[in-house]
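Working notes, beginning with the structure itself.
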Amino acid sequence: MTRTQQIAELVRKCSKKPTPPDPEEPLFDNGYLDSFILTDLVLELENAFGIRIPDSELNPRRFENVEKIEALVENRATRSAG
Amino acid sequence: MASILSFGRYVPERVLASEELAARLGVDPAWIVQISGIEERRIAASDETVVTLGVRAAESCIAGREIGLVIVSSASSERRFPGPAAEIAHQLGLAGIPAIDLPVASAGSLFALTLASQLAPAYGNVLVIAAEKMSAPALAEPLDKNVAILFGDGAGAAIVGQGSGLEILDSALHSDGSYAADLRLEFTGPIAMNGYSVIMQATRKIPAAIAEVLERSKVEAASVAHFLMHQANQNLIDRVAKCVRVPPERFYSNIRRYGNTSSASMLIAAAEWHETAELKPGDYVAFAAFGAGFHWGALLARQA
């Protein structure tokens, strides 16, 4: 499973939707995320990828779709590795 | 070491059920309960003010004690100045002693308890009051359904001083003004709230503050008998419990009946909880709050 697929599956799990979103699908507009589901997703992402997302980066715009979440995860993973 | 010696509370009689509010807002009542856990809230009568609410709550906990200092938290006072503290003190027959206003929404009672614990050695018993008439700004036109559903009116109080009670062991207070715009009430406007920012930051910062005071006192979260949190939203309370890794039942909640009464909520909840809590000596109790500013923190206490 690719990282994109992993993230999409975590979004599906947190949103309790039957299917994962497409990479560019708008997660807020299509009902995958709201403010509370987003907090669950952040926890799942941190646990799944062994990263820590700082409070200052908890901006909904960074979670608008799976592609943006993947960029955030990669950025945090790189910083952790560095 | 200062202790919380007693609690008091007062809520107005008028009940505004979510069904009634939903009809006014044109939303499904089930949506209100789902998104907030709030089934009803109390609304102050037209002749009830932050001052009268605060006086009623204080009267229920003073019990003849001598008071050396009054601290009043309110973010919904009816005027710019003076704040309600001096007038509340006057109406309680406490004119002449210092009375401090703390205009800190939501987290104000937590900040006030901490200040009281540190000032009690100098002033004697400190009367802490948090009184809010949030319905006025929350239900003002134009209505914002995401704000209007949340808030209610009420007041809580506590006496902090020397004696047997809940010993205040430690507290952690924090503020970060970079989020000032995300939850605010201007002099002329309705309550403005960036719900995503508030929920995301609260979900992170409240558990972190609780962990901070627990670690300093070398107390495990699992050892804390009761958690008393600002009653902002049931979904938030449940997520904080999850982050702290304790069963959600350990977080006392009355938001279903009173809604979010801003800084008053934590003390109203504490007073109600304390009426039936079967505390044993050594039981740990953790308080926590988060609100506009952002201001947030936690306080650890132990039953004597």
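Quick note: the coordinates plus some simple rules give every number you see, no bench work behind them. From a predicted model like this one, the values you see are computed outputs, not experimental measurements. Reconstructed Cβ throughout: ideal geometry from the backbone, glycine too, with neighbour counts over all protein chains shown.
Couple of notes before you dig in:
- No other residue among B:E278, B:E249, B:E272 is on the phi < 0 side of the Ramachandran plot and part of a loop (DSSP other than H, G, I, E, B) apart from B:E278.
- Selection status of B:S164, under 20 Å from B:A116 (Cβ atoms), in contact with a strand residue (DSSP E or B) (Cβ under 8 Å, 6 or more places away or on another chain) and more than 14 Å from chain A (Cβ to nearest Cβ): yes
- Of the residues making up segment B:87-131, those that are touching a Phe, Trp or Tyr at 6+ places or on another chain (Cβ under 9 Å) and either farther than 23 Å from B:G291 by Cα or in a loop (DSSP other than H, G, I, E, B) (or both) are B:I97, B:P98, B:V104, B:S106, B:A107.
- In the set (1) within 14 Å of chain B (Cβ to nearest Cβ); (2) within 11 Å of the chain's Cα centre (by Cα); (3) more than 24 Å from B:W31 (Cα to Cα); (4) in contact (Cβ under 8 Å) with a residue 12 or more places away in the chain, A:R52 fails one condition alone, (2).
- Where strands (runs of 3 or more DSSP E) fall entirely within segment B:1-77, those with at least 3 residues that are closer than 25 Å to B:L110 by Cβ are at B:3-10, B:40-43, B:69-73.
- The helices (runs of 4 or more DSSP H) found wholly in chain A include none carrying at least 2 residues that are in contact with a strand residue (DSSP E or B) (Cβ under 7 Å, 6 or more places away or on another chain) and among the β-branched types (V, I, T).
- Qualifying residue in segment B:206-214 (condition: assigned to a loop (DSSP other than H, G, I, E, B) and either surrounded by 17 or more Cβ atoms within 10 Å (Cβ to Cβ) or not basic (K, R) (or both)): no
- Hey, B:R216 among the basic types (K, R) and more than 12 Å from chain A (Cβ to nearest Cβ) or not: yes
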